[in-house]
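Step one of this worksheet: look at the structure below.
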Amino acid sequence: MSAAMKPAILCVHQVGKVGSTSVLETLRRHLPRERIFQTHVLSERAVLASIREWIGRSQARPGFQPQWNLLASIELSGRLAKGIAAADWYLLSLVREPVGRNVSAFFDNLRRGWVHHLPQDSRDLCLELLRRRPVRATPDGIHRVARELVALFQRTYPREFIDGWFDEEMKQVFGIDVFARPFARERGYEIHRNGSVHLLLLRLEDLAAAFAPGVREWLAGSPWAAAFAPSAELELRRANDSDNKPYAMLYEEFLNLLTLDANLLESEYASRTARHFYSDDELARFAAKWLKSAPAPERALSFS
């Protein structure tokens, strides 16, 4: 197959809960006739693990359907089996400060994983909120459920550094080591290329300013370049925002009540990913948000 005949694949590929929905919908709005994939895993090991997980759930819940991003992973892993040089890969991956990402993932998976750890009364009320039927959702009830969710998050939520994701899903699959050179923090995006692979890395916190210039540079020379020319309006619209979800009041109360231990925050922000994409000052600002009270003078947080 000649280079001119190679298919071009456009895929938003990133670890879950980093705010990709707005990006995906914006790309689809500008390319309404193109198929744009969204995946969380493409490595053979991770795709097989996801398939096994889906099979286990479908056996426990007959009729349980696989998530559409798993179907996309299965399809694209088949294309990868032919070798990455058989297609031009345009990958967009977002990163987000890890504590905010974990909070978002916790709430997004309440019904599937965490609500069942609550006492019965709080579980019932939480499920009512998630089902858009908050018939008993008094302020006191919401406060009680939020307080119990905070305790659950502090006690049991897994702390997931995404260093391994970049190693397995970018370096092993596409031959791109995102840690090999410094990230351009001042502009909020970085572009990596490896043969037929074009990767755009975007920081969620810089999305409003970095999205348009990053996408235009990333897609220059691609089949979709004209749709993102400087003359084309490129407006990023918010989507999948927690304010629009049925648990908005609960989520707001949870954030008001949530505080995290200084040791935990130092551990979260010591990851290679956090250190690569964010400066010491930025990590300190994130930590202050979650700490919500200054540590003792002899226990100053350190990110250097």
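The values are calculated or read from the model by the stated rules, or taken from the named source; none is laboratory data. Just so it is clear, the model here is predicted, and its values are computed rather than measured. Every residue, glycine among them, receives a Cβ derived from its backbone with ideal geometry; neighbour counts consider all protein chains shown.
Below is a table of values for the structure above.
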{"quantity": "Considering residues of the stretch 172-181 that are free of Cβ contacts under 8 Å to residues at least 24 places away in the same chain and farther than 20 Å from residue 82 by Cβ only, the residue surrounded by the fewest Cβ atoms within 10 Å (Cβ to Cβ)", "calculated": "180"}
{"quantity": "Lone qualifier among 84, 36, 51 - being out of contact with any strand residue (DSSP E or B) (no Cβ under 8 Å at 6 or more places or on another chain), farther than 16 Å from residue 16 by Cα and modelled with pLDDT of 85 or more", "calculated": "51"}
{"quantity": "Near pairs, Cβ below 7 angstrom, 6+ apart or cross-chain, from the stretch 107-124 (assigned to a helix (DSSP H, G or I) and surrounded by 18 or more Cβ atoms within 10 Å (Cβ to Cβ)) to any residue that is of a type in the set (Ser, Thr, Tyr) and modelled with pLDDT of 85 or more", "calculated": "107/251"}
{"quantity": "Filter result for residue 45 (over 15 Å from the mean Cα position of the chain (by Cα), surrounded by fewer than 20 Cβ atoms within 10 Å (Cβ to Cβ) and in a loop (DSSP other than H, G, I, E, B))", "calculated": "no"}
{"quantity": "Residues satisfying the stated conditions in the stretch 8-26, i.e. modelled with pLDDT under 95 and either assigned to a helix (DSSP H, G or I) or of a type outside the set (Val, Ile, Thr) (or both)", "calculated": "14, 16, 17, 19, 20, 21, 22, 23, 24, 25, 26"}
